[in-house]
Amino acid sequence: MRMTLLQTDIVWADPDANIRQAEALLRQHAGSDVYVLPEMWATGFATEPEGIAQSESACAALRWMQKTAREYDCAVAGSLAVQTADGHYRNRHYFCCPEDTTWYDKHHLFTYGHEDRFYTAGDKRVVVTWRGCRFRLATCYDLRFPLWTRYTEEQPFDVIICVANWPQSRQTAWEVLTRARAVENQSYLVAVNRTGDDSYSHYVGESRVVDARGTILGQCDADTVQALTVVLDLEALLSARRRFRVLDDSDPFILPARRQ
């Protein structure tokens, strides 16, 4: 499975500029199975979405993701701030394939930044299968909550895709949590962060791919717009799980309902 991480410097509230940036990076790295963009890659982390988030039915960035998936015969993942038909704002992580689009709505809204005041949290854990690989979708703050990203027999996966706007001030947590989620789930983890600045934070990027042992297989440079391609060996992952059966000994649990 050939994965390309697209680490961008997001231009605030300018989808057209961000589409051009993403397309330029992608065209330089044609031939991957999956391309992954950051959280809210078309606008920046717009905690107050009115006037910035587009309606889902007219979202130019979503249309570009779907068109690119068809044109390059690939999947394109990344989250967008959208307003859905019911009038709610969602931080929606899309996984666009040539024939269909799957999405995951961010469950853990970033209350510290007041994301919860304007967005509606999702309540479903989502796994999508593409070319024989099972991807668990997650978004930024979700990374801090291990139960939500837990591997289970009812919903198994091979790769966690976490898209983020993770600030430099908490970069040590990024380094630790990305490795921890991969190790505890015996899975690959692909984590894509942005670079640059907005009104709230500076972002260094350091997007990365981590294997089931916590080894970093590849990482983007800090403060750099960059595409990075890493090949995931799914057979090696499954073989390692069969040999070292940690997941068989994990504790059963029922995820409690999220407080409203």
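Data for the structure
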read-out: Three-way shape call for segment 137-260 based on the alpha-carbon gyration tensor, with the a/c threshold at 1.5; value: oblate
read-out: The chain: relative contact order as a whole-number percent, Cα under 8 Å and 6+ apart; value: 19
read-out: Between segment 1-29 and segment 117-144, the Cα center-to-center distance that results, in Å; value: 20
read-out: Residue-span extension gain [A24 to S201] - 0.36 nm each, minus C-alpha spacing; value: 61.2 nm
read-out: Size of charge dipole - the chain - debye, nearest 20, with Cβ of Lys, Arg +1 and Asp, Glu -1, no other charges; value: 560
read-out: Protein accessible area in the chain, 1.4 Å probe - carbon and sulfur %; value: 49
read-out: Probe 1.4 Å, accessible area per residue of the chain, Å²; value: 45
read-out: Computed FRET value (nearest 0.05) for R243 with T129, which takes r as the C-beta separation and R₀ as 25 Å; value: 0.60
read-out: Prolate/oblate/rounded call for segment 44-193, Cα gyration tensor, a/c under 1.5 rounded; value: oblate
read-out: Once exposed loop GluC sites (Glu not before Pro) are cut out (DSSP; at most 12 other Cβ, 10 Å), longest piece of the chain; value: 155-260
read-out: Longest site-free stretch - the chain; sites: trypsin sites (Lys or Arg not before Pro), DSSP loop, at most 15 other Cβ within 10 Å; value: 1-123
read-out: Computed lengthening from E153 to E175, 0.36 nm per intervening residue step minus Cα-Cα distance; value: 5.2 nm
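The values are calculated or read from the model by the stated rules, or taken from the named source; none is laboratory data. All of these numbers come straight from a predicted model, not from anything done at the bench. Neighbour counts are summed over all protein chains in view; Cβ atoms, including those assigned to glycine, are modelled from backbone coordinates with ideal geometry. Keep in mind that these areas ignore ligands, DNA and RNA; they rest on the heavy atoms of the full protein, side chains included. Shrake-Rupley method; radii C 1.70, N 1.55, O 1.52, S 1.80 Å.
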